[in-house]
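Down below is the structure, laid out as structure tokens.
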């Protein structure tokens, strides 16, 4: 009896290994999928902090999570090409504005590597952008474009009361891609999971 059970267990383990091998073999990039399987944990690691920061600012937590995904792929220690830091890639000027608005007398830029601090500053900045564009037909693309390129650029792209589509056509290609990426990811997060 034990011998048959052992054979069954070995057969099941072999079948599982073969199934994984077939998945990776048929995949265009097996190394990518293996790395993705190992990284899945980090994609939900900050969900509670994201939800809390989003709630504090009256934001959709899935939108915030989509921004975090696009900005840092959930890496708290990420530094951007212009010195942006942390999960939401908050820049120094935005961080100083956030610190001043919250009467934080001693602010150290390295604090943005702390997930909670970064999410607080990033959601504050995003909520300000959404508030600024709230009267537009769809404020989200405007706010995301501002988060990426700055308010003055979006003001130029949105001149004359342009709707979201016209503003996006006028925006720089990298900003259009940024906004599209986040909107697609946001929709993916909102879709019911199987």
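Bear in mind that the values in this text are calculations on the coordinates, not laboratory data. Quantities reported herein were computed from a predicted structural model and do not represent experimental measurements. Cβ placement follows ideal geometry from the backbone for every residue including glycine, while neighbour counts extend to all protein chains displayed.
Observations on the model:
- Verdict on residue 80 being out of contact with any helix residue (DSSP H, G or I) (no Cβ under 6 Å at 6 or more places or on another chain) and crowded, with 21+ Cβ neighbours inside 10 Å: no
So that you can scan it fast, the table gives a plain yes or no per residue for (1) surrounded by 13 or more Cβ atoms within 10 Å (Cβ to Cβ); (2) over 19 Å from residue 53 (Cα atoms); (3) without any contact (Cβ under 8 Å) to a residue 40 or more places away in the chain:
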| position | (1), (2), (3) |
| --- | --- |
| 117 | yes, no, yes |
| 120 | yes, no, no |
| 150 | yes, yes, yes |
| 157 | yes, yes, yes |
| 180 | yes, yes, yes |
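- When segment 170-187 is filtered for residues that are over 25 Å from residue 85 (Cα atoms) and in contact with a helix residue (DSSP H, G or I) (Cβ under 8 Å, 6 or more places away or on another chain), only 170 remains.
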